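Notes follow once the structure below has been shown.
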Amino acid sequence: MSWFEDIKIGTATELGSHTFTKEDIVAFAEKYDPQPFHLDEEAARQTHFGGLVASGWHTASVWMKLMIETRRDAPEEEVPPAPDRRPAPKGGPSPGFLDLKWLKPVRAGDTISYRTTVVEKINLKSRPMLGIVRSRNEGFNEKGELIFSFLGQGLIERRDAYKGEETNDS
């Protein structure tokens, strides 16, 4: 993974696609979101969805799986160590996410394609060896419709300590 200073705003990464099956929708719901419109086709027909739909948390979990696989499978970057000889970052924890939206229901047979795009970098005066990278994360159905989005945040190591001279769009 790149140092905070080397990450470019606007960088987009395609994470891959996933087809949701009835069996997967029900299995996820049984474990984590046991609402009728995720569990039972007949009960789901009686709801405002008019049929079985995937849990929003299921769509988010698939995003996470594809994000981790994309990072794991990416070619090893040639990232030099920091001046103090620390090795390149491995990726940081997240201080949380913002603006989560489930915009359209996901039904059995839908294939959702996921993407992440760097939209902002935030310097941290309180933690000069870290910065926050914000990314817009999205899922699109096979019609190209946005069905899921959120703003993710990651704490990323800096190569050099922040001294106050950079701007947030660097």
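The values are calculated or read from the model by the stated rules, or taken from the named source; none is laboratory data. Keep in mind that this is a model prediction, so the values were computed, not measured. Quick reminder, even Gly has a Cβ in these numbers, built from the backbone with ideal geometry, and neighbours come from all protein chains shown. Accessible surface areas use protein heavy atoms only, side chains included; no ligands, DNA or RNA. Shrake-Rupley method; radii C 1.70, N 1.55, O 1.52, S 1.80 Å.
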Selected from V53, V118, V79 as most flexible by GNM, with the chain as the system and alpha-carbon contacts under 10 Å: V79
Gaussian network model of the chain, springs between alpha carbon atoms under 10 Å - residue of F37, F148, F49 with greatest fluctuation: F49
Relative contact order (percent, whole number), the chain, Cα cutoff 8 Å, 6+ residue spacing: 29
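Roughly what % of Cα-Cα distances in the chain sit above 29 Å, to the whole percent? Walk me through the numbers on the way to the answer.
Numbers: 4580 of 14365 pairs.
More than 29 Å apart: 32 percent of the Cα pairs in the chain.
In the chain, how many lysine pairs have Cα atoms under 15 Å apart, counting only pairs 8 or more places apart or on different chains? Before the final figure, lay out the partial values.
Values: K8/K121; K22/K31; K104/K143; K125/K163.
Close lysine pairs under the 15 Å cut-off: 4.
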From phi via Karplus (6.51, -1.76, 1.60), per-residue ³J(HN,Hα) for the range 60-67 in Hz, x at Gly/Pro: 5, 5, 5, 4, 4, 4, 5, 4
Computed label-point distance, nm, for sites E5 and A27 using a 7 Å Cα→Cβ extension: 4.7
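Compute and list, largest first, the equivalent-ellipsoid semi-axes of the range 1-101 from the alpha carbon gyration tensor, each √(5λ) rounded to a whole angstrom.
39, 13, 12
Where in the range 1-100 are there trypsin sites (Lys or Arg not before Pro) that are in a DSSP coil and have at most 16 other Cβ atoms within 10 angstrom of their Cβ?
Values: sites: K8, K22, K31, R45, K65, R71, R72, R85, K90; in loops: K8, R85, K90.
Passing both the DSSP loop test and the Cβ count: K8, R85, K90.
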Helix 22-32 vs. the chain, principal-axis angle (Cα, 0 to 90°, nearest 10): 70
Percent accessible area from carbon and sulfur atoms, the chain, protein chains only, probe 1.4 Å: 54
